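The structure appears below as structure tokens.
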Amino acid sequence: MIRKSVDKSKNLVAKGVITGYNAGYKPEDKGGSRMKAQKDLNKIAALTEEISKLPKGYIAEKSIGGKVYFYHQWSENGVKKARYLRDDEIAPLSQLIEKRRQLQEELRAAKAGI
């Protein structure tokens, strides 16, 4: 009787039943995980490059003398910088800043996926 149970276990291992040795192995992963890792690294590099081209910071609204003024504010070497924005500069800059934030979220997700 013992011999039959041993023979059955040998057959199960031979048929590819998951054991402690191959629990994480998937036949479709042969080399594919390396390609996926390379694609992820390329995506991270592309996102990082694109983010570096976009403006940092945010648009601040200041009320001075009863009038509202808009400023682009960002931090540079630990020092807060600000630049006055004309009315025609506000919309394009806010779109670029929003695009930067979206790309940063994608970058965080890509880094978490590695």
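Coordinate-derived values only; no laboratory data. It should be emphasised that the depicted structure is a prediction, and the values quoted were computed from it without experimental measurement. Reconstructed Cβ throughout: ideal geometry from the backbone, glycine too, with neighbour counts over all protein chains shown.
The table for this structure:
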{"read-out": "Virtual spin-label span in nm between Asn77 and Tyr58, 7 Å along Cα→Cβ", "value": "2.5"}
{"read-out": "Largest-first principal axis extents, alpha carbons of segment 31-112, Å", "value": "66, 27, 18"}
{"read-out": "Stretch gain in nm, segment Tyr69-Lys111, where the contour uses 0.36 nm per residue and the Cα spacing is subtracted", "value": "11.3 nm"}
{"read-out": "Amide N of segment 42-65 lying under 16 Å from the label point, which is placed 7 angstrom from the Cα of Gln104 along Cα→Cβ", "value": "47-60"}
{"read-out": "Alpha carbon Rg of segment 37-84, scaled by the compact-globule rule 2.2 N^0.38 Å", "value": "1.75"}
{"read-out": "Cβ-based net charge around Gln95, under 12 Å, with every Lys or Arg adding one and every Asp or Glu removing one", "value": "+1"}
{"read-out": "Charged-residue dipole, Cβ positions (Lys, Arg, Asp, Glu), segment 31-112 about Cα centre, Debye nearest 20", "value": "300"}
{"read-out": "Lys/Arg +1, Asp/Glu -1 at C-beta; segment 31-112 dipole; positive extreme among Met35, Ala91, Tyr69", "value": "Met35"}
